[in-house]
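The values are calculated or read from the model by the stated rules, or taken from the named source; none is laboratory data. Remember, it's a predicted structure, so these values are computed and weren't measured experimentally. All Cβ positions, glycine included, derive from the backbone under ideal geometry; neighbour counts span all protein chains shown. Side chains are part of the model used for accessible areas, which takes the heavy atoms of the whole protein and leaves out ligands, DNA and RNA. Shrake-Rupley method; radii C 1.70, N 1.55, O 1.52, S 1.80 Å.
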Amino acid sequence: MKHTKKLASTLLMASLLATTPLWLQHSTMTVQATTNQGQVQLSPAAEKTLQTLYAIQPELKSMDKKIYGPKNGVYELRFDKGIASGKMELYAMVGLDATTGALQIYENEQEMQKQNNQPSEAVAKQKSAAFLQKLLGDDFKKYKATQTTKGEWDAVTYTRHEHGVPVFTDRYVVGVNSASVMYVNTFEGATLRAASSLFAKPGKVMSKGEVTGKVASLMELTYSAHKKETGKPALKYSLESTGYVDAVTGEEIESASSLKSRYSDVIAVKPGGKKLTASNADETMRVLTEEFQIKMDGITLETDTLTPAEMKGEGETIYRSKGRDGSITVYTNSNEVTGFQVRGKVEMANAIQHGNKPANAQLSYEQAKEKAVQFLQPYLDASVKELKIDQTKIMMPSATAYSFSFYALHDGVVVTDQQYLVNVDGQTGEIVNFMDYFTKPTAPFPDKKTAISKEAAAKQFLKERPAVLGYMFPVQNEKVQAKPSLVYSIDTVSYFLLDAVTGKSFK
């Protein structure tokens, strides 16, 4: 997609559309100009919303319509227009909640491709409001408009308010150009269409001091082996939070978009300090077969020439496989092998499963973790004696693999840029990913005893980003609950790093 700001807002859609729909893979295709509405019947609530969309965008009625699902409670609709005999071009995409009928996502591909000028504030508000007013009816009165991106009006965020305070997870982000609406994205609470009667009026809540104490408890001390400004190690505070705490009890509450690191217990290791070198494709092949025991029968490697130089690290070379169904990718940096990725077949994005729950796993999480640790130890830097796993971080996922992000510890503190990735196939036990992200420090680490207190860090954080009282819809057992909670919102969107020694924020 052309509009990158839309991608930032759609990050919050990950919990709603767990897999990538087919429509995102091809914008132009050859199809028969017929609909499959007879194959998939929309629920009455979803059909009602579709008719509303027809009233807003009448041209949708004349399009070739495909309906998929419902999957994870969501219907996915694709609208195509004819561009030649037997050929259709993507016009728009729509996601509808099967239960409430609520719009979850709307993307007008034709409008997103237009080279329209940046809309003024007045135009952006007028066009976005007109669309939502027709979509929501009287409920539109509950929403207030704010600017989505500072200084620009190509998207407007509408946040619901109850009892004078915001409902943080009931929002619509409406992208506009100077002519029309390009897309609409929703936060998870919007699709619930909760009645106002469910929102209890705010009563006695935590004091300012209690909020500060809670935020202090969420401050996490970490090291960086290489501070960008100085090139030397740094001691830092970061906020590790779900983003919401109960306004009365202070208990942390999960939302569908919560991203919080949760580290495992300490893992004692015996580092081997082994480094592997390869200056060309043949030497890289030898490392794969002799060191990593990867079967390379009928497979060759060649230097990747398609990845732009600006997307590679300094001194990085990438090798890719030829000669079999699937792919092998190897990464080197200054002729040192720093990682590899093995795929037994070409996996489409909609085949990827998350949550470290591989399809048809024959190994448990603990068994796979043990294999990952045993594999990793020979290649650990000699300075590494202890590791922790960020149990919420999943990198280079595949449908059948467990993912383990290991972090080195210094003096019991996680070093955020001394990371190793190991992915283990849950069916075969094979190592399918290894990435060495270890940063070698150029100076001693600061003594953690020199750090300011967590309370001081929390006060600095809240001075820059005050906690805000409002409502949200919590997640329990991976499902968004229909009953809203009164919470303080703790800003986890704006990246926060505080120098733990000086007390100053990193810019």
Quiz item: Between P202, S85, T300, whose Cα lies farthest towards the positive end of the dipole of the chain when Lys and Arg beta carbons carry +1 and Asp and Glu beta carbons carry -1, centred on the Cα centre?
Solution: P202
Quiz item: Taking only the alpha-carbon atoms of the chain, what semi-axes of the equivalent ellipsoid follow from 5 times the gyration tensor eigenvalues under a square root, in whole Å, largest first?
Solution: 41, 34, 21
Quiz item: How would you classify the range 421-487 from its alpha-carbon gyration tensor, with a ≥ b ≥ c the square roots of the eigenvalues: rounded for a/c under 1.5, else prolate if a/b is greater than b/c, otherwise oblate?
Solution: oblate
Quiz item: Under unit Cβ charges (Lys, Arg +1; Asp, Glu -1), what dipole magnitude, rounded to 20 debye, does the range 216-310 have relative to its Cα centre?
Solution: 500
Quiz item: Nearest 0.05, what FRET efficiency do A382 and D297 give at R0 = 30 Å with Cβ-Cβ as r?
Solution: 0.30
Practice problem: Please report, as a whole percent, how much of the solvent-accessible surface of the chain comes from carbon and sulfur atoms (probe radius 1.4 Å). | Solution: 51
Self-check item: Within the chain, helix-based [θ] at 222 nm, where runs of 4 or more DSSP H residues each add -39,500 (n - 2.57), nearest 500
Solution: -4500 deg cm²/dmol
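Name the shape class, rounded, prolate or oblate, that the alpha-carbon gyration tensor gives for the range 104-235, where a ≥ b ≥ c are the square roots of its eigenvalues, rounded holds for a/c under 1.5, and otherwise prolate holds if a/b is larger than b/c and oblate otherwise.
oblate
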Quiz item: So for the range 34-160, what are the equivalent ellipsoid semi-axes in whole Å, largest first, each being the square root of 5 times an eigenvalue of the Cα gyration tensor?
Solution: 27, 20, 12
Exercise. With a 1.4 Å probe and every protein chain left in place, tell me how much accessible area K448 has, in Å² to the nearest 10.
Key: 80
Practice problem: Run the dipole for the chain about the Cα centre, Lys and Arg Cβ at +1, Asp and Glu Cβ at -1, nothing else charged, and hand back the magnitude in debye, nearest 20. | Solution: 1180
Quiz item: Using the C-alpha gyration tensor of the range 238-326, what are the square roots of 5 times its eigenvalues, in whole angstrom, with the largest one first?
Solution: 43, 20, 15
Quiz item: Past the 30 Å Cα-Cα mark, which pairs from K275/K369; K144/K454; K214/K504; K393/K504; K227/K322; K260/K463?
Solution: K144/K454; K227/K322
Exercise. First check a/c for the range 375-507, with a ≥ b ≥ c the square roots of the eigenvalues of its C-alpha gyration tensor; if it is under 1.5, answer rounded, and if not, answer prolate when a/b is larger than b/c or oblate otherwise.
Key: oblate
Self-check item: Cβ-based net charge around K260, under 12 Å, with every Lys or Arg adding one and every Asp or Glu removing one
Solution: -3
Quiz item: Once Lys and Arg get +1 and Asp and Glu get -1 on their Cβ, which of M472, T428, A457 lies farthest toward the positive end of the dipole of the range 421-480?
Solution: A457
Quiz item: Just the accessible area for H226, please: 1.4 Å probe, Å², rounded to the nearest 10?
Solution: 90
Quiz item: From a point 7 Å beyond the Cα of K134 in the direction of its Cβ, which residues of the range 39-62 have a backbone N at a distance under 11 Å?
Solution: 52-60
Exercise. Select from A225, V269, L136 the residue farthest towards the positive end of the dipole of the range 124-280; place +1 on Cβ of Lys and Arg, -1 on Cβ of Asp and Glu, and compute about the Cα centre.
Key: A225
Self-check item: Heavy-atom surface of the chain, accessible at 1.4 Å and reported per residue (Å²)
Solution: 49
Quiz item: In the full protein assembly as shown, how much of F187 is accessible to a 1.4 Å probe, in Å² to the nearest 10?
Solution: 30
